[in-house]
Every structure is written in structure tokens, then in C-alpha cells.
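The values are calculated or read from the model by the stated rules, or taken from the named source; none is laboratory data. All of these numbers come straight from a predicted model, not from anything done at the bench. All Cβ positions, glycine included, derive from the backbone under ideal geometry; neighbour counts span all protein chains shown. SASA here: full protein model, heavy atoms, side chains in, ligands and nucleic acids out. Shrake-Rupley method; radii C 1.70, N 1.55, O 1.52, S 1.80 Å.
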Amino acid sequence: MAGVKRQPGPTTGSQRFNDQRKMRGQGKKPLPPPTHIGHFFLMIIMKICKKVLLADTAVKIGVYLIGVMAGSILADVMALPRSYFSDSHNIFNQLFVKLGWGWTLTSLSLFTGMTSFVYTLGKWPQVKLHFLRLAIGTFWWYTVTSVFNYVESVVGICTEPIYPSRFSCNKAGQSWLGFDISGHVFLLIHNLLTISEEVKFFKDWSKLEIILHKENLADLKNIKESDIRTTKQAYKELTPYIKVNVIFLAALTVLWEFMLIISTVYRFHTLTQKVSAAFIAVGCWFISYRMIIRSNCGIVQSGSSPLRFTKCE
């Protein structure tokens, strides 16, 4: 009859299962959008770059010193076959190694400028302080290589003894036999240790973004809201360029390490000359990053920030 309401039938097992599944799905968060293939490859590249750059500096020093000694002994006991890299006029030596500090200084200057602008809250006086570390590195590069040239000219003798100086000896077409400390070994290790120290805080770069989006950050860190807004914007705009810079620095690191091997295993210098250069480079690093910068003399460590986002400072 039209006035009689129809009673619902008994609930089947499949209906109960569907209802339970719907109820469970109601509290779930939506799945994130699929990762773009370009972003995926960038993540892989950045992971590799961090592995290259962020190894502990003390470990690197041990590897470099042992490698230079072992490679130099190998070069003395056996002559490796000639190759493109055994010729000092190869393009990597001429274009990169001889201009090594220029490449390193330029790339680190870009990295330091962009990153320090972010983590110093856009305060240019603080940004300038971070460039003082690179000024110290430049001082070591110029001073030590000049001393090497002076030592070679003083501690030596011409193959023709009538010529007392290196200049007159070379001008006469003779060979000057001096104590030629390896400038290449010094420069390459100096570059590598400087890069290692300057980029080590980058392992905590993603933490900086998390800190910037914390609630009550201004009160927690005693920072102006306007500075936080500026830093958030700078982080968003500069991070893509910083990542490109990091990739370039990682490529430089691989190249410098490869050329260090070449400079060590071929007979460009004696064992004493190469090992001396390696220890001098480590000594410059120790004076700079373990004595001067840690002495509270006004030169700040890389990553030093009011936000305290890294343990490297």
C-alpha cells in the first residue's frame, strides 16, 4: 500500500565493510601531489653534493696528508706511464689549477654573500664580517706562494755555477736547481679545506626554513617581525641560486681532489717538496679556523646567526 513505509533490509557483510572503509578514510590526510621528475633529480644531485662537501674537515685532512705521502712514495719508487695529465700544459692545469684560488674565491664569495644575507636577517654590516674569512684565505694564498718563490730563488744553485741567481741562470738558458715547494699541492689543499669550512653549516639549511615558520619566533629570538619577513622572502628567493652554487662548489671539490692526485703521483716535485706543501696548507687552515676565528677577534664563523639554526657556529 502507498501509506506503508518500507523497512530497510538487513545489512550485508559487504555493506558493513564499505561503511567501515568510508569511516576510516574520513580522518586521513590527502596524499601529497606527485613529485616532479626534475625536482626528484635535483634532490638526488643535492644529496650527492652534500656527501662530497660535508665530510668532516678533520677526516679530510687525514686523507689528504696520507694521500700526498703515499702518492709521493709511489711516484718515487715507480714511474707511472705518460698520459695527458702528466703534461703540465693540460687544460685542467692551465685553466683551473693555476687560477685555482680565483675559482674558489669567486664561488665562495657568491655562496657567502647569499647565505649570510639570509641568516643575518639581511643586515649588511654582519654580512661583511663573513667575508673577512675569505680575506684571510686570500692572504695565505698570496703570502705563502710568494714565500715559496723566494725560497726557491735563495735555496738553490745553477747547473752552471758562474750564474749566482735564478734570474741570471734562467736567462742564460741554464736550469736552476732549487728547493721548489709544490705550489700546486699547497693551493689545492688550501682550496679544499677552505671550501669544507665555509659550507659545513649548509647541512642545517633546511632547519632554517623550519625555524623561520615557528610561531612567536620574534619573541623567542628577540627579533623584529619585519626582519623575519625579510628573511623569509630572502630564503625563498635565494635558495634556488644557493643550490646551484653548492653544485658548482661540489664539482670544484671533485676537480681539486682529482688534480691533487695527479700532482702527487707524477714527478713534478720531490716527496719532501710535496709533503712540506701539504703540511703548510694544513697549518694555514689551523691558524685561520682553529685559532683566529675562534678567538673572538671580530671574525665570525660561517653560519653564525641570531637564529642559531646550526651547531657549526
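Of K214, K236, all but one fail to be farther than 30 Å from I280 by Cβ and over 27 Å from the mean Cα position of the chain (by Cα); the exception is K214.
Looking across T138, T115, T143, one residue alone is under 25 Å from W101 (Cα atoms), β-branched (V, I, T), over 18 Å from the mean Cα position of the chain (by Cα) and at pLDDT 95 or above. It is T143. Tell me yes or no: at least one residue of region 125-136 is surrounded by fewer than 17 Cβ atoms within 10 Å (Cβ to Cβ), farther than 30 Å from L249 by Cα and out of contact with any strand residue (DSSP E or B) (no Cβ under 7 Å at 6 or more places or on another chain). Scanning region 125-136, I find no residue that is surrounded by fewer than 17 Cβ atoms within 10 Å (Cβ to Cβ), farther than 30 Å from L249 by Cα and out of contact with any strand residue (DSSP E or B) (no Cβ under 7 Å at 6 or more places or on another chain), so the answer is no.
In the condition set (1) under 21 Å from the mean Cα position of the chain (by Cα); (2) over 27 Å from K47 (Cα atoms); (3) assigned to a loop (DSSP other than H, G, I, E, B), G303 is compliant with all but (2). Just to be sure before I move on: is K98 touching a helix residue (DSSP H, G or I) at 6+ places or on another chain (Cβ under 8 Å) and under 25 Å from A135 (Cβ atoms) in the structure I sent? So K98 does not fit the description; no. The single residue among R290, R267, R294 that is of a type in the set (K, R) and over 20 Å from E198 (Cβ atoms) turns out to be R267.
To keep it simple, each residue is scored yes or no on (1) basic (K, R); (2) open to solvent by less than 20 Å² (accessible area, probe 1.4 Å).
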{"residue": "K47", "(1), (2)": "yes, no"}
{"residue": "K51", "(1), (2)": "yes, no"}
{"residue": "G71", "(1), (2)": "no, yes"}
{"residue": "A75", "(1), (2)": "no, yes"}
{"residue": "P81", "(1), (2)": "no, no"}
{"residue": "I91", "(1), (2)": "no, no"}
{"residue": "L95", "(1), (2)": "no, no"}
{"residue": "L99", "(1), (2)": "no, no"}
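Here I157, I223, I210 are screened, and the one residue that is open to solvent by 10 Å² or more (accessible area, probe 1.4 Å), more than 30 Å from G137 (Cα to Cα) and in contact (Cβ under 8 Å) with a residue 24 or more places away in the chain is I223.
Filter region 160-185 for residues that are in a loop (DSSP other than H, G, I, E, B) and in contact (Cβ under 8 Å) with a residue 40 or more places away in the chain and give the result.
Selection gives F179, D180, I181, S182.
Considering only residues that are surrounded by 15 or more Cβ atoms within 10 Å (Cβ to Cβ) and either farther than 21 Å from L121 by Cα or in contact with a Cys (Cβ under 9 Å, 6 or more places away or on another chain) (or both), which ones fall in region 293-303? Of everything in region 293-303, those that are surrounded by 15 or more Cβ atoms within 10 Å (Cβ to Cβ) and either farther than 21 Å from L121 by Cα or in contact with a Cys (Cβ under 9 Å, 6 or more places away or on another chain) (or both) turn out to be I293, Q301, S302, G303. Pairs meeting the criteria (first residue in region 41-67 and farther than 17 Å from I247 by Cβ, second residue basic (K, R) and part of a helix (DSSP H, G or I), beta carbons under 9 Å, at least 6 apart or on different chains) are D56/K200; T57/K200. Of all residues in region 235-267, exactly one satisfies the criterion of being open to solvent by less than 20 Å² (accessible area, probe 1.4 Å) and touching a Gly at 6+ places or on another chain (Cβ under 6 Å), namely T264.
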